[in-house]
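Colleague: Take this structure, written in structure tokens, and hold onto it; I'll ask about it next.
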Amino acid sequence: MSILNIKDIHLSIEEKPILKGVSLNVNLGEVHAIMGPNGSGKSTLSYILSGKEGYDLSSGEINFDNKDLLELSANERSNQGLFLAFQYPVELPGVSSMNFLREAVNIRRKVLGKKELNHLEFVKEARRLASSMFIKDEMLKRSVNVGFSGGEKKRFEILQMMLLEPKLAILDETDSGLDVDALKIVSNGVNNYKGKDNAVIVITHYQRLLDYIVPDYVHILADGVIKKSGGPELAKIIEKNGYAGIVDAA
Amino acid sequence: MQRKYDDFSEVIKKHVNENYLEDDYRKFFLKKFSDWPSPTNETWRLSRLGKLARKKFIPYVSSSKKIKNSSITNNAYYSLVFINGIFSKVSSDILPEEIEISFLSAKDLITNLNEINNKSVLTHPTLNITGSCFQDFIKLKIKRNCQIDKPLELLQTGNCPNNSIHPLILIEVEENSNVKILEKFETNSALNAPLQILKLQKNSKLEFIKFHNDDIETTNLSLLISFLKEDANCNIFNLINGGAFTRSETHSYLKGENSSMNLNCVYLSTGFQHHDFTSSIYHDYPNCNSSQKVRGVLNKNSTGVFQGKIRVEKKAQKTNAQQMSKALILSDKALSNSKPELEIYADDVICSHGATVGELDEDQLFYFLSRGIDKQKARLMLIEAFLSEIIEESVDKIFMNEVVTETEIAFKKILEN
Ligand SMILES: Nc1ncnc2c1ncn2[C@@H]1O[C@H](COP(=O)(O)OP(=O)(O)O)[C@@H](O)[C@H]1O
Ligand SMILES: [Mg+2]
């Protein structure tokens, strides 16, 4: 069953065309990888999907879970089960991580018809999942992302994914800046979460992450379009030959 | 040119002659007030008194001293109630014997201010109007070597929209003593002109919270003058959210080594409110610390001002003086001004200052939205975060709940339409 269907979307930023007709269908139970050179519009696509202001399509349609995605505000998209792990998570000085997470989780639980968690119940649940991501309790007491290392920020993104139980998770370069150990922790988290009732889009510049999170499909985004789609073997070719062959072939 | 409004110097002259004819010391202040400071006066340029000058009002006089106020005093504090600036003994709690209360005169006021030669203090309208028109001048003395168990609460209430009111208080903390005070201005008057003097003797400590929450039509021109002797430690936190126009002005004289003055402020403004926090710290002795930190949140057409002066005398080596002002603007019509003024004559000092003005950060807001939290809640949480740091740093534990609650009520109010 389709969870996300992107139909021929176009987007320009400051009159510069970034996406020039991208289409993509993702079914529940699937893992898709989107690869592509720097500046090819991968993060832009993730912002369009998550509803960031200023990323309005000039044409195209997007269906998410049988709804018109573009009709939903950014927070509604999250409420409905779309999740973005940011390439560059922002810091929120003064906003306690625990309060932030609890606020977010209880809103999502309401939509899922689950009862809200009180402070104690929430702390227990957050700590359980945090420890699986090797996030120390002490980190949850700090302000969101403040004083977190690059790797800690990425693990904190995946913790949020686990807590929010999305139907579609988009991971934007979650592997960048991670050492091998951290990469394994993050991949384990994603692998444990993915199942037949959800789907994952992994955006990455490198093939490395795909050794741990094995995709069903790989798409190459370049020059504003999906140049090529294939199976995991496509990522191996990229690793060997780089993007040059594919991008030039156009 | 014909004047559109009454000359207030005539109003107070008449008032003093009618009520205090025989008190020559009041005339000392009376003759120093000729008019409201004009916009060409540098310290009043950003906070103009034109509207106040056009209002018609006369100083409040109470005939009966027995009016009991209706506000409920808090059991956690020793409460002293002032109605329209006048001490109400019947509404107030009995103080413990460590605190001595007495009434002073205009002559005492002159004596207590004789060390001051700054023009901005000596020509301040509050000094001269309140110095000539006050009805009660209360002195609270915390006797030496005393730790006061329960905080003091100063409740400034009253309702006289056509009058000016003139609360006048001197608080002296004697050697090695320690006291905590919470003051609330909740008056409805044309002009609230409180004058306060703090004297912190050797090794004394004062925690002082001030809520400026007067009626939305009131002009509040607070003037606070403090003197700190060696090893004295004074922490003052201002929350300014009330009044049509509120200026809280403080002059702090560090008159002994190792004294420290922390003077922080949060102001929350909306509508056509104008809020001003003006502070001067005079470092006259070596090894003293001071901080002036301000956070303002402004909505609609409101305006905010921070004027922070640090003066470090030549002999005040090893001074550490910090100053920081941050304003958050929620509407494109709101305006915040900040004017630092550093006069440093010593060479071995650490002085820092900075000012930022900005809107809520779009990327931060989007992070909340992307986690399903709606815009309204996200704004609340970001403003709360913006204010929490300074509150945690400035406010004594004993007042924390009250300050957090009061701040929350105030900033929810400024977010209303
Ligand atoms: N907010 C923005 N303002 C201006 N240009 C942008 C903005 N966001 C993205 N771009 C441009 O769009 C292109 C795609 O960027 P991005 O989506 O970040 O690429 P990727 O994630 O694939 O590296 C780049 O040329 C970038 O400079
Ligand atoms: Mg990117």
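Colleague: What's the total accessible area buried between chains A and B, using a 1.4 Å probe, rounded to the nearest 100 Å²?
Modeller: 1900 Å²
Colleague: So, with +1 on the Cβ of K and R and -1 on the Cβ of D and E, and no other charges, what is the size of the charge dipole of the protein assembly as shown about its Cα centre, to the nearest 20 debye?
Modeller: So the magnitude is around 1000 debye.
Colleague: How far is helix A:97-111 tilted off the main Cα axis of chain A, in degrees rounded to 10, range 0 to 90?
Modeller: Its long axis makes an angle of about 70 degrees.
Colleague: Indicate, rounded to the nearest 5 percent, the antiparallel portion of the DSSP beta bridges found entirely in chain B.
Modeller: 5 percent
Colleague: Enumerate the helices in chain B for which the Kyte-Doolittle hydropathy averages -1.0 or more and the C-alpha atoms extend at least 24 Å along the helix's axis, using complete DSSP H runs.
Modeller: Helix filter hits for chain B: B:375-394, B:397-415.
Colleague: I've got another one for you. About the Cα centre, and with charges only on the beta carbon of Lys, Arg (+1) and Asp, Glu (-1), how big is the dipole of segment A:2-249? Nearest 20 debye, please.
Modeller: Once rounded to the nearest 20, the dipole reads 680 debye.
Colleague: Simple spin-label model, 7 Å along Cα-to-Cβ: A:I13 to A:K236 in nm?
Modeller: Result for the modelled spin labels: 3.4 nm.
Colleague: Could you calculate the contour length gain from B:D361 to B:I216, that is, 0.36 nm times the residue separation minus the distance between their Cα atoms, to one decimal place in nm?
Modeller: 49.2 nm
Colleague: If amide H atoms are built 1.01 Å from N in the plane of the peptide, which residues on other chains or at least 5 residues away come under 5 Å of the amide H of B:S280?
Modeller: Under 5 Å from the amide H of B:S280 lie the amide H atoms of B:T250, B:H251, B:S252, B:K309, each far enough along the sequence or on another chain.
Colleague: Let me confirm one metric for peptide B:359-369, namely the mean number of other chain beta-carbon atoms within 10 Å of its residues' beta-carbons.
Modeller: 6
Colleague: Further, regarding this structure: Using a 10 angstrom cutoff on alpha carbons, build the Gaussian network for chain B and name the most mobile of B:A385, B:A316, B:A106.
Modeller: Largest GNM mean-square fluctuation: B:A385.
Colleague: Per-residue HN-Hα couplings for segment B:157-171, Karplus 6.51 cos²θ - 1.76 cosθ + 1.60 at θ = phi - 60°, whole Hz, x for Gly and Pro?
Modeller: Coupling constants for segment B:157-171: 10, x, 8, 7, x, 9, 10, 9, 10, 9, x, 9, 9, 10, 10 Hz.
Colleague: Counting only DSSP beta bridges with both residues in the protein assembly as shown, what percent are antiparallel, rounded to the nearest 5?
Modeller: 15 percent
Colleague: Right, next: Place a label point 7 angstrom from the Cα of B:E10 along the Cα-to-Cβ direction, then list the residues of segment B:27-50 whose backbone nitrogen is under 16 Å away.
Modeller: B:34-36
Colleague: For the protein assembly as shown, compute Rg over Rh where Rg is the Cα radius of gyration and Rh is the Kirkwood radius from the inverse mean 1/r over Cα pairs. Mind dumping the intermediate values first?
Modeller: Numbers: Rg = 31.3 Å, Rh = 28.5 Å.
That ratio equals 1.10.
Colleague: B:E10 accessible area, nearest 10 Å², 1.4 Å probe?
Modeller: Its accessible surface works out to 100 Å², give or take rounding.
Colleague: Only bridges whose two residues both fall in segment A:2-249 count here: according to DSSP, what percent of them are antiparallel, nearest 5?
Modeller: Around 55 percent antiparallel, to the nearest 5.
Colleague: Additional query: Using a 1.4 Å probe on the protein heavy atoms only, what accessible surface does B:F399 show? Give it in Å² to the nearest 10.
Modeller: 0 Å²
Colleague: How far apart, in nm, are two points set 7 Å out from the Cα along the Cα-to-Cβ line at B:N145 and at B:S331?
Modeller: 5.7 nm
Colleague: Take the Cα gyration tensor of segment A:2-249, multiply each eigenvalue by 5, square-root it, and list the three semi-axes largest first, rounded to whole angstrom. Please list the in-between numbers first.
Modeller: Numbers: eigenvalues 175, 88, 55 Å².
Listed largest to smallest, the semi-axes of segment A:2-249 are 30, 21, 17 Å.
Colleague: Going by alpha carbons, how many degrees (0 to 90, nearest 10) lie between the helix axis of A:232-241 and the longest principal axis of chain A?
Modeller: Approximately 70 degrees, to the nearest ten.
Colleague: Could I ask something else about it? Which residue, A:V218, A:I13, B:Q317, has the largest displacement toward the positive end of the dipole of the protein assembly as shown when charges sit on each Cβ (Lys, Arg +1; Asp, Glu -1)?
Modeller: B:Q317
Colleague: Also, I was wondering about something else. Ordered by residue, what ³J(HN,Hα) values in Hz, to whole numbers, does segment B:136-150 give under the Karplus form 6.51 cos²θ - 1.76 cosθ + 1.60, where θ = phi - 60° and Gly and Pro are x?
Modeller: So the Karplus estimates, Gly and Pro as x, are 10, 10, 9, 10, 10, 10, 8, 5, 5, 6, 10, 9, 7, 5, 9 Hz.
Colleague: Could you tell me which residue out of A:I238, A:P93, A:L164 lies farthest along the dipole of chain A toward its positive end? Charges go on the beta carbon: Lys and Arg +1, Asp and Glu -1, centred on the Cα centre.
Modeller: Of the candidates, A:L164 comes out farthest on the positive side.
Colleague: Starting from the amide H of A:D175, placed 1.01 Å from N in the peptide plane, find each other amide H under 5 Å away whose residue is 5 or more places distant or on another chain.
Modeller: none
Colleague: Taking H placed 1.01 Å from N in the peptide plane, check which residues at least 5 places from B:V357 or on another chain put their amide H under 5 Å from its amide H.
Modeller: Under 5 Å from the amide H of B:V357: B:A327.
Colleague: Once you average over the residues of A:73-83, how many Cβ atoms of partner chains fall within 10 Å of each Cβ?
Modeller: Counting Cβ atoms of other protein chains within 10 Å of each residue's Cβ and averaging gives 4.
Colleague: Hey, another quick one. For segment A:1-118, with only Lys/Arg (+1) and Asp/Glu (-1) charged at the beta-carbon, what is the dipole magnitude about the Cα centre, in debye rounded to 20? Please list the in-between numbers first.
Modeller: Details: 13 positive and 14 negative charges, 96 e Å.
My answer is approximately 460 debye.
Colleague: Using a 1.4 Å probe, how large is the accessible area of B:R45, given in Å² and rounded to the nearest 10?
Modeller: 90 Å²
The values are calculated or read from the model by the stated rules, or taken from the named source; none is laboratory data. Just so we're clear, the structure is a prediction, and the values are computed from it rather than from any experiment. Cβ coordinates were reconstructed from backbone atoms using ideal geometry, including for glycine residues, and neighbour counts include every protein chain displayed. We work out accessible area using only protein heavy atoms, side chains counted, and drop any ligands, DNA or RNA first. Shrake-Rupley method; radii C 1.70, N 1.55, O 1.52, S 1.80 Å.
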